[in-house]
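What follows is a short report on a single structure.
Read-outs throughout are calculated quantities, based only on the coordinates presented, and are distinct from any laboratory measurement. Not measured: the values here are computed from a predicted model. Cβ atoms come from the backbone with ideal geometry, glycine included; neighbour counts cover every protein chain shown.
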Amino acid sequence: RKEVEQDPGPFNVPEGATVAFNCTYSNSASQSFFWYRQDCRKEPKLLMSVYSSGNEDGRFTAQLNRASQYISLLIRDSKLSDSATYLCVVNGYAGKSTFGDGTTLTVKP
Amino acid sequence: DTEVTQTPKHLVMGMTNKKSLKCEQHMGHRAMYWYKQKAKKPPELMFVYSYEKLSINESVPSRFSPECPNSSLLNLHLHALQPEDSALYLCASSPASDFQETQYFGPGTRLLVL
């Protein structure tokens, strides 16, 4: 079993749609959690940190469920510019970051 | 300045060559990382430096040799690479020594080994 598993995708949605991604992790001792966005042939860029209390940034909402060991990302009112690969990242101890395989989102007009 | 820079952007090398990748940050971050990313795959952690000391080596072959000359610089020395080592090499840095904060990635070096 992989340490971090994401919805396989791809997700193809129309503009204005709401889309949700989930990510599960196997190590209950994991310390911190993030969603990154990666555009084609570019480096990953932080989208949001993820907290148990949930956090929201405009159209994006992230949630952590430690009991069930999953994190989620909700994107409302999708824009064409949201098309990218979304990576969940789980940090353990001593700097060991594990990335999920990524979920590709394509938002169509 | 929230920027991590990497040079060169592209590198083509033969299997007998020796080359180095460079990474620099001026954000005062004390943790720095090397990742390898193959096409359509997520980044894979190679090395982690904390306060200029190597803290993690993810069983990377010895043909990859990291070096951290000071808190702002991270190098990756390459020698006798194989074609399967062709990939995007990403450097990242993070502020805290407990590694729980965001990592900032550089644009990467695209390496092709012939």
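Any residue at all in the stretch A:2-24 that is free of Cβ contacts under 8 Å to residues at least 24 places away in the same chain, surrounded by fewer than 20 Cβ atoms within 10 Å (Cβ to Cβ) and among the aromatic types (Phe, Trp, Tyr)? Checked the stretch A:2-24: no residue is free of Cβ contacts under 8 Å to residues at least 24 places away in the same chain, surrounded by fewer than 20 Cβ atoms within 10 Å (Cβ to Cβ) and among the aromatic types (Phe, Trp, Tyr). If you take the residues of the stretch B:58-97 that are under 21 Å from A:Cys88 (Cα atoms) and surrounded by fewer than 16 Cβ atoms within 10 Å (Cβ to Cβ), which of them is nearest to the other protein chains (Cβ to nearest Cβ)? Within the stretch B:58-97, the match that is nearest to the other protein chains (Cβ to nearest Cβ) is B:Glu58.
Considering the conditions (1) closer than 15 Å to B:Pro42 by Cβ; (2) under 12 Å from the mean Cα position of the chain (by Cα), A:Ala20 is excluded by exactly one of them, (1). Any residue in the stretch B:36-54 that is within 10 Å of chain A (Cβ to nearest Cβ), in contact with a Cys (Cβ under 6 Å, 6 or more places away or on another chain) and under 29 Å from A:Gln6 (Cα atoms)? Yes, some residue in the stretch B:36-54 is within 10 Å of chain A (Cβ to nearest Cβ), in contact with a Cys (Cβ under 6 Å, 6 or more places away or on another chain) and under 29 Å from A:Gln6 (Cα atoms).
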